[in-house]
Structures are given as structure tokens and as C-alpha cells.
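In what follows, a single structure is set out as C-alpha cells and then discussed.
Computed from the coordinates by the stated procedures, all read-outs in this text should not be read as laboratory data. This is a predicted model, so every value here is computed, not measured. Counting neighbours? That spans all protein chains shown, and the Cβs are built from the backbone with ideal geometry, glycine included.
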Amino acid sequence: MIAAPRYQTAACTLLIVLFASPALAQSPEESVGPWGVSSSASAFRNHTEWFPKVASAGVTSVRLFPGWRSFQPELGQWNWKQGDQLVESAQQHDLQLTAILMGTPPGSKFLHAFPVDNLPAWSQFVEGTVAHYGDQVRYWEVWNEGNGGFNDAHHTTVDYAKLAATTYDAAKQGNANAQVGLTVASFDPDYLQQTITAMRDAGAADKFDFLCIHPYEIAGGLRSKNGEIPFLWMNQTLRNMLQEVAPEKADAPIWISEVGDKLNAGGRTPTTDIDAANALVKIYTMAIAQGIDRTQWFEAQDPYSEESGFGLLNRNGEGRPSFAALKTLASQLGEKPNYLGWLALGEQAAGYGFVFAGPQANLMVAWSPVGTQHSLTFPTMVVVADPITGKLHRYEAGETVTLTNAPQLITSLSPTLVAQAIANAEKPFPWGGDYRDAKTVRFAAGQTDETTGIFPLHRDAYPTVTFADGSSGLLVQGDIGHPLGLFVHPTFASLQTRDYYVRVKVRRVSPGNVGMNLLYEYADTQGKGPYKNSGRWFGVAKNASGWQTGVWHVKDACFAKMWGNDITIRPEQSVPFVIGEIEISTVPFE
């Protein structure tokens, strides 16, 4: 038996001392709450080691299942050994399995190509597998990330629509209670929209039960100021899309069936084990608050034969800080959390607060934006707990609580605060503003930036320059490796908006070539990548002084923030220059 790491011990102390809540338990045949994990295929071999560990942390669902060739090494022949072992182990630990229906028939030259040329064999596989497991496995995803790397033949959304509709019919034939989900890599609502539209055109718009997203990139933006904004609007963006193309499915459950944060010592944003744990707390909290039914962290334990760094457990089975954080959060919010509402905290109401009715007491998960701290006072005594270490601190009424970017659990909230959160529950999230009626949004850089609907990523990587005339902007390196990415607020325009005008104001800081391209997010049907070059170069004349303006017009955009940003200003063969202002409009500039 491996000794419990200090993070596990600390979390257990927190559970006992702070709230003393009961252990979680759930029959895998029933609907479960949001606490899930997803696993790589190679982790299948030692799932009996990590199943009981994640179950002890409050996990109630696991995304893991063998592929087609494991069940049918030859067409017409069945081998249930691996699947049966997995299902039996999951039942022993009260874990509900989410199964991925994926694979190609024996003899295919591809491993990850939609079997659209062999749908009868695929249907037989799906119906037989779903029937064999009956209500032991109720949730089935159609493929894994067919809009990304798991699409060897580069099939389109029309192909995925055919595969999904065929899968739905076969699964329901195998078990009428089966639930069938569509799934995408990253956050790709347009791919889902195109798929469902193709299904609708074929008379099959209702042939899915839930949607799955894998928003790694948007989650990665949480270490950039305002990164919470696109994350908090994913559910509403998908709801709006469903209302547009499949209104009968507008209330379909939405899952995050993969998300994670890989430990990384290098790069622009190094990730420590504490960073990953903090990200986990924010991701689960905000997913629940916006109405996402289930979140499955990738992954449970670092596998031996694939890249490491994602796991709640390391390769030795020892819990990382993220394991302790998940255990704390699952216990204190309860098996099926009761979200009450949000609070905008601190100076300029910029801090994030999400209030829940926990099993034992009301509590708030709270943090401040990246790079800021907020001083809070409460009208009554509160207890603040670190979800990772279990450290507790009692603050008397009126005593200052310092809120940082590391999330904290705050309990003993006053009835007034709870009532305020409940009153906010049905209101749009306030952070970043509301631009539903706006035609134009703007970002202006300065000592204090003006962010009216446009937000730069990693703003702290771009120094602010102030000129002699008092105007200012952010300094951009002139090489292609230092682009400036920005996203628009999710309430601006809609997923269906294609026409945008982009205007940028730039200024020299030295002699030499100053030039750039605009890359923008567009609607892609094959998963080749969400960004496209506008095809129009903007350069500044060599003798130009003062601010210079460039304008682009794009006609096939789709601002979904799939990889975290909607546009990128990319310098090429340029000396450094300053960007003072960027505007995006749905109408021509005057």
C-alpha cells in the first residue's frame, strides 16, 4: 500500500474538520452528477488499480471503453472479455461508464476513419454491443474527436451526420434506453451545427440525445486575464445553436467529456501541479454554474506508454494536488450539486463567486482575475478553506479577506449574500459586459486598457508603450512567432454571423518594414484547423508617422473561440510595432 501523499491527507482533513459530509455513492445504472474522469486507451490495462482511487475522490463516471476490433477481431465474431471486465470493475466501485463507439472493421487500412463505406457492419457492431451491455452501459458517444486527429480519411460533417444517425438507430435497436451523444475536439459548436443541419436535411435532426465537447484550449485560457469569459458562455452558445437548427433538442444535456491541464515546465505559460489543481476547481465550478451536466477530467492516472502530466494520479498511483482538489470539491458541493447563483466580487465587481447549497451548508467558490487581488469583507463570520491543502482560516465579521486567483471555498455566508446570488441566477453572467445589441466592439491598449467587447490573450506579455503625444498601445514583436490573439465577447453577434470588418491602428517605433496578416476563425467541415488567412497584407509606409489604420473584411468567419481566440494579428518579416486599437464590426466602418 502506497502511503497517502500530503495532498490526499490534507484534503481528508478538510472534509472532516470543515463539513464532515458523507461519502458519495451512486448506482452506475442511474443518472449521476458532474464528477467524472476520462482516460486514455492505454490506461485500460491498469484500470483496476485506479478505479477505486478515483471513486474514493467522489468520481461517479468514467469515460473509457474498448474499440470495435476488441469486440470483433473478425466480422461476425464476438469477444466480450475486455468489455465485460471493464463493466464488472466499474460496477464494483459504483462508477458509471461512458462508452466511446469507435473503430474500423478488421482489414481496414485506417484506424480512425469513419466507416461510412461499411455502415451495415458498423450497425451490427453497435447494436450487438449496446444490446449485450443493456442498462449496464447507458451512455454512448459517437466516435472521439472526429473533427480533429481521429479522422484519418478527413471525412466531413455530412459523413459524421450519416455515421451519427446510423449509430443512433442501431443503438436504440439494441437498447431503447441507450443515450447517444455527438462529440467534438475542443469547443467546436460550428462542427456540431453543421452535423445537426446535415442530419436535419436527411430527416434525422432528432437522432442524438446529448452533446460532448473537449474545451482544452478555452480551459487553457484561464491563466490569461478574462479567460473565464469564453468558458462561462459555452453552454449558452450551444443552446443558441440548438435552438436555431434543432429546437426540439434545445434542452439536450451538454457534457465536457474531456478537459485537462498538462504539467509543463516550459513555454509561455508553465503549468505546475498547483496550477492544474486550481484550474480543475475553476473548470468544474464554472461548468456546473452554466448548466453543463457532466465534466470528465483527462485523465485519471498517467499511463505508462503515453505522455504523462495530465493525471489526477501520477504513474505510481500517487495523488497530485488536482486529486485532492477534486475530492474536496465533490464532497463539499455534493454528489449532485445545487447551484444557487453567482456574485461579482470586489473592486469593479471583477471577482468570480459561485454559490452552492452544499450537503451541510451554503458555500461559495471564489477567486479574482489573473494578476489581481481583491479585498473582501463579510457581514458575518466566514470560514475560508484552501481546496488543495485543506488549510482553514476563520474571519470575523468585517475582517478583510484577500481574494487571489487561487480559488477558495467560503462557507457560513450570510442570508443576504445567498439571496443576492439566487436573484442573480437567471441573469446573464456579468463579466466582460453584454454586447447583444452592439454592432461594433473595441479594444484600446493603454496604461489602463479599454476592453469593450474585445479581449487580448496573455496581455501581460505585451509591454505598454506611451508616446510623446500621450497616446499609447501595446508593443508587438515583429516576428511570426509573436502574434497577438484576441477574442470577442460571446454575446457579440452570433455563431451564424459570417461577415465581419476588422480595423487596427498601428504605429512605428523604429525604421524598417512593418507588416502583418489577419488570421480569423472560420467554419471548417473537416477538422483541418479553425483559422484562415484573410489573404490581405497590411503594411505601414516607410515614411509614415503617427497612427496608421488597416481594415480587413472577411465573409466566412465563425467566431466560436475553438482554440481560445477569434482573430490573430500576425506580424511577418516586420520590425516591432505598437497596436493602439482594434475594432470588430458587423457593419462597414464609417
Problem set entry | Sequence of Val575, Val245 once ranked by neighbouring C-beta atoms within 10 Å, starting from the fewest | Val575, Val245
Problem set entry | Net charge of Cβ neighbours under 9 Å - reference Ala560; Lys, Arg +1; Asp, Glu -1 | -3
Exercise. Is any helix in the chain, taking whole DSSP H runs, at least 15 angstrom long along its axis by alpha carbon and on average at least 0.0 on the Kyte-Doolittle scale, and which ones?
Worked result: 119-133, 273-290, 321-333
Exercise. Given charges of +1 on the Cβ of Lys and Arg and -1 on the Cβ of Asp and Glu, with all other atoms neutral, how large is the dipole of the chain about its Cα centre, in debye to the nearest 20?
Worked result: 980
Exercise. If you take the beta carbon distance between Met381 and Thr272 as r and set R0 to 35 Å, what does 1/(1 + (r/R0)^6) give as a FRET efficiency, to the nearest 0.05?
Worked result: 0.60
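Name the GluC sites (Glu not before Pro) in the stretch 342-422 that are in a loop by DSSP and that have at most 14 other C-beta atoms within 10 Å, would you?
Glu396, Glu399
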For this session: Determine, for Thr380, Thr389, the number of other Cβ atoms within 10 Å of each Cβ, and report the residues in order from fewest to most.
Result: Thr380, Thr389
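The chain: percent of C-alpha pairs farther apart than 45 Å?
19
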Exercise. About its Cα centre, what dipole magnitude does the stretch 440-585 give when the only charges are +1 on Lys and Arg Cβ and -1 on Asp and Glu Cβ, stated in debye to the nearest 20?
Worked result: 300
Exercise. Under the definition of Cα pairs under 8 Å and six or more residues apart, what whole-number percent is the relative contact order of the chain?
Worked result: 13
Exercise. Roughly what would the spin-label model give for Ala425 and Arg498, points 7 Å off Cα along C-beta, in nm?
Worked result: 4.1
Seminar exercise, completed: Per DSSP, the loop-located trypsin sites (Lys or Arg not before Pro) within the stretch 489-590 having at most 12 other beta carbons within 10 Å are Lys528, Arg536, Lys542, Lys555
Exercise. Fewest to most neighbouring Cβ within 10 Å: what's the order for Tyr339, Tyr133?
Worked result: Tyr339, Tyr133
For this session: Determine the relative contact order of the stretch 38-190: mean sequence separation of Cα pairs under 8 Å and six or more apart, normalised by residue count, in whole percent.
Result: 22
Problem set entry | Sparse-neighbourhood loop sites, GluC sites (Glu not before Pro) in the stretch 55-132 - DSSP loop, at most 15 other Cβ within 10 angstrom | Glu74
Problem set entry | Expected 222 nm ellipticity per residue - DSSP helices of 4 or more, -39500 (n - 2.57), all of the chain, to 500 | -7500 deg cm²/dmol
For this session: Go through Trp342, Ala121, Val587 and say which Cα lies farthest out towards the positive end of the charge dipole of the chain; charges sit on Cβ, +1 for Lys and Arg, -1 for Asp and Glu.
Result: Val587
For this session: Estimate the FRET efficiency between Ser308 and Arg442 by the formula 1/(1 + (r/R0)^6), using the beta-carbon distance for r and 35 Å for R0, to the nearest 0.05.
Result: 0.25
For this session: Enter the Cα centre distance for the pair the stretch 355-394 and the stretch 45-93, rounded to the nearest angstrom.
Result: 38
Exercise. If amide H atoms are built 1.01 Å from N in the plane of the peptide, which residues on other chains or at least 5 residues away come under 5 Å of the amide H of Thr183?
Worked result: Val142, Cys212
Seminar exercise, completed: Volume per residue (Å³) of the convex hull spanned by the alpha carbons of the stretch 440-585 is 103
